[in-house]
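The values are calculated or read from the model by the stated rules, or taken from the named source; none is laboratory data. Predicted model only: the values in this text are computed from it and were never measured. We place every Cβ from the backbone using ideal geometry, glycine too, and count neighbours over all the protein chains shown.
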Amino acid sequence: MNPKNLCEPGDLIYADELVLAFIASHGFDPHPGHVLVTPRAHFELLYELPDDVAARIMTVTRDMAVAIKRAWSPDGISTRQHNEPAGSQHVWHYHQHVLPRWHDDGFYFTPKRPVVDPAVRARKAAELRAFL
């Protein structure tokens, strides 16, 4: 066992042949307690996930969001996932965060950006469609 691993057996919420869901060892004040959904097999990045694993992660993410909503009655739910250092990844095993949110919880401090021009949005959409 890796001594840097802060996970405990009691953190586990759900497990099947493809994924695990557990309470994260690190929290976000003032409401600690969020879920991580991760594949059992090692995949470092979103780009590497096989379709069956990606689909199962999304299903379990939804199920965890519903459980959080029922258990803790937050005002909303956020999900997030990071890839590569420039994308704020700092754990090198894919994981999806499922976070309870409350009005004015201050979770995101970045102000909204100005509205992007529709022509720029259309160009960006076309650029992505070319790679699908």
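Checking each residue in the stretch 55-80 for being more than 12 Å from the chain's Cα centre (by Cα), under 15 Å from GLN96 (Cβ atoms) and crowded, with 17+ Cβ neighbours inside 10 Å picks out ARG56, ILE68.
Of all residues in the stretch 95-108, those being under 12 Å from the mean Cα position of the chain (by Cα) and either of a type in the set (A, V, I, L, M, F, W, C) or at pLDDT below 85 (or both) number 2. Taken together, the criteria place PHE43 among residues that are outside any helix (DSSP H, G or I) and modelled with pLDDT of 90 or more. Taking the conditions (1) among the β-branched types (Val, Ile, Thr); (2) within 27 Å of ASP104 (Cβ to Cβ); (3) in a helix (DSSP H, G or I); (4) touching a residue at least 24 places away in the same chain (Cβ under 8 Å) in turn, VAL66 satisfies each one other than (4). ALA21 falls short on exactly one of the conditions (1) modelled with pLDDT of 80 or more; (2) outside any strand (DSSP E or B), and that condition is (2). All conditions in (1) among the charged types (D, E, K, R); (2) under 18 Å from ALA15 (Cβ atoms); (3) in contact with a Gly (Cβ under 6 Å, 6 or more places away or on another chain) hold for ARG101, with the sole exception of (2).
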